[in-house]
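Have a look at the structure below, then the notes.
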Amino acid sequence: MIRGLDRLVGVVQRNCDIADARHAGDLTLCTYLLEMREFYRWERGIAFTEELPRAEVGEWLVRREALWKSLEGRSFEPVPVEASRFDPFAADEINVALVPRGLIYSAGYGRRGRAQFHLGELVRKEHRGTLRVLIGGREHARDLGSSPAALRGATAYVRQESFRRWLWEKFETWSARRPEGALSATLAAYGFDGEPLAGLERMVDAETETLILHELGEFEASRELGANWEEMVAKLGTPRVEAVLRALRDNLADCLVTLPALLDRDAAPSVHFWFATFDGLRSEIFPRLGGAYRPWCGGEPGPLRDALAAGCEHWERVCRGLLAIDRDRPGAEQAIAELAASPAIRL
């Protein structure tokens, strides 16, 4: 493996804890409690089907919040890899040393400027054109808001353990009422009705590809929009505007790559899965796509393909229009915020 693994894990986890100390308060109470529950499950290695000891979780929560308080104001620490020390955000350099040893490290900034770090075991690496894809399995260090996939420059990181936990939460929520819809169709396709844990593994294996396709779509959208897009997202202040801007690029990415690829492959379970995750602002601003799902379920793919073609043109035009406002108008933040909130961006 690598010399000094325990020290490496300790530093990365401490940086994760520092990030949590800075940003855990940004979460809603419901989201915070859910994420803390799953973080406890991960840290203690507790199986999905095992009931959590409430008293112990409560005591652990108090200790965790005390730890965060002790880390307030701390800077992120350099990452030690054997005899070298790296800037904690130098993921590409760190992975030069770690990937040949079967490890994967990721670092970057997520929503609302939240720093995110992770260290895990490498499952495999591959290339999709000029995009490098690193797929991780068991995680040695992580923070609260663990995203199953992320694009950092020309590298896509897919975290199968975080993905597995996220999917199980979706299944547990669905199980309370078992509503019909895209998620129900997805779970049926992977055999959750018989053996949920076996179905979960089948789903993780298959839908890792859907995550990769989305990151490839984000990569293609980023190349079309240029570096100024990320700069614009980073500097605009309100969470609502940032969320809309991210939803715009997500929709462009999925119209460019994800859904066309799944349709071309006739990957029906993955199309159901994609629509099961099509929610929030992404669906709010793209009702035409949601409306095309039912005809596709009935064997009519035409409306869905038409919506994707229209989406490619529409979302690129909207994104480029926002970039033009940012480029040409001094103090453009208010104009961008107004347009991002306008019904004019909907399709």
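Could you tell me whether R177 is modelled with pLDDT under 95, among the basic types (K, R) and crowded, with 18+ Cβ neighbours inside 10 Å? Even if it seems obvious, please write down each step before you answer.
Details: modelled with pLDDT under 95: yes; among the basic types (K, R): yes; crowded, with 18+ Cβ neighbours inside 10 Å: no.
It is false that R177 is modelled with pLDDT under 95, among the basic types (K, R) and crowded, with 18+ Cβ neighbours inside 10 Å.
Just need a number here: residues in region 156-170 that are crowded, with 19+ Cβ neighbours inside 10 Å and either more than 17 Å from P196 (Cα to Cα) or of a type outside the set (D, E, K, R) (or both).
9
With the condition being closer than 19 Å to A309 by Cβ, I'd like the helices (runs of 4 or more DSSP H) fully within region 178-273 carrying at least 1 qualifying residues.
Hits in region 178-273: 196-225, 239-253, 259-264.
Yes or no: S70 over 16 Å from the mean Cα position of the chain (by Cα), in the same structural domain as G10 (by TED's automatic domain parsing) and closer than 25 Å to D26 by Cα? Please lay out each step first, then the result.
Values: over 16 Å from the mean Cα position of the chain (by Cα): yes; in the same structural domain as G10 (by TED's automatic domain parsing): yes; closer than 25 Å to D26 by Cα: yes.
When the stated conditions are applied, S70 passes them.
Got a sec? Which of P148, P179, P196 is out of contact with any helix residue (DSSP H, G or I) (no Cβ under 9 Å at 6 or more places or on another chain) and of a type outside the set (F, W, Y)? I'd like the intermediate steps shown before the answer.
Details: P148 fails: out of contact with any helix residue (DSSP H, G or I) (no Cβ under 9 Å at 6 or more places or on another chain); P196 fails: out of contact with any helix residue (DSSP H, G or I) (no Cβ under 9 Å at 6 or more places or on another chain).
So the residue among P148, P179, P196 that is out of contact with any helix residue (DSSP H, G or I) (no Cβ under 9 Å at 6 or more places or on another chain) and of a type outside the set (F, W, Y) is P179.
Here is a yes/no grid of residues against (1) over 24 Å from P196 (Cβ atoms); (2) in a helix (DSSP H, G or I); (3) over 25 Å from the mean Cα position of the chain (by Cα):
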{"position": "Q13", "(1), (2), (3)": "yes, yes, no"}
{"position": "R22", "(1), (2), (3)": "yes, yes, no"}
{"position": "R37", "(1), (2), (3)": "no, yes, no"}
{"position": "T49", "(1), (2), (3)": "no, no, no"}
{"position": "A66", "(1), (2), (3)": "yes, yes, yes"}
{"position": "P88", "(1), (2), (3)": "yes, no, no"}
{"position": "D92", "(1), (2), (3)": "yes, yes, no"}
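From the residues in region 288-331 that are out of contact with any Leu (no Cβ under 9 Å at 6 or more places or on another chain) and aliphatic (A, V, I, L, M), which one is nearest to L259 (Cα to Cα)?
The residue in question is A309.
Select from region 44-76 the residues that are in contact (Cβ under 8 Å) with a residue 60 or more places away in the chain and in contact with an Asp or Glu (Cβ under 9 Å, 6 or more places away or on another chain) and write down the one among them that is surrounded by the most Cβ atoms within 10 Å (Cβ to Cβ).
Here is the first cut: in region 44-76, the residues in contact (Cβ under 8 Å) with a residue 60 or more places away in the chain are 48-49, 76.
Within this subset, residues satisfying the condition of being in contact with an Asp or Glu (Cβ under 9 Å, 6 or more places away or on another chain) are 48, 76.
On the way: F48: 16, F76: 19.
Among those residues, the one meeting the criterion is F76.
Here is a list: A243, A253, A227. Which entry is among the small types (G, A, S), modelled with pLDDT under 95 and under 20 Å from D279 (Cβ atoms)? Even if it seems obvious, please write down each step before you answer.
On the way: A253 fails: modelled with pLDDT under 95; A227 fails: under 20 Å from D279 (Cβ atoms).
Sole residue among the options that is among the small types (G, A, S), modelled with pLDDT under 95 and under 20 Å from D279 (Cβ atoms): A243.
The values are calculated or read from the model by the stated rules, or taken from the named source; none is laboratory data. Just so you know, these numbers come straight off a predicted model, no measurement behind them. A quick note on method: Cβ atoms are made from the backbone with ideal geometry, for glycine too, and the neighbour counts reach across all protein chains shown.
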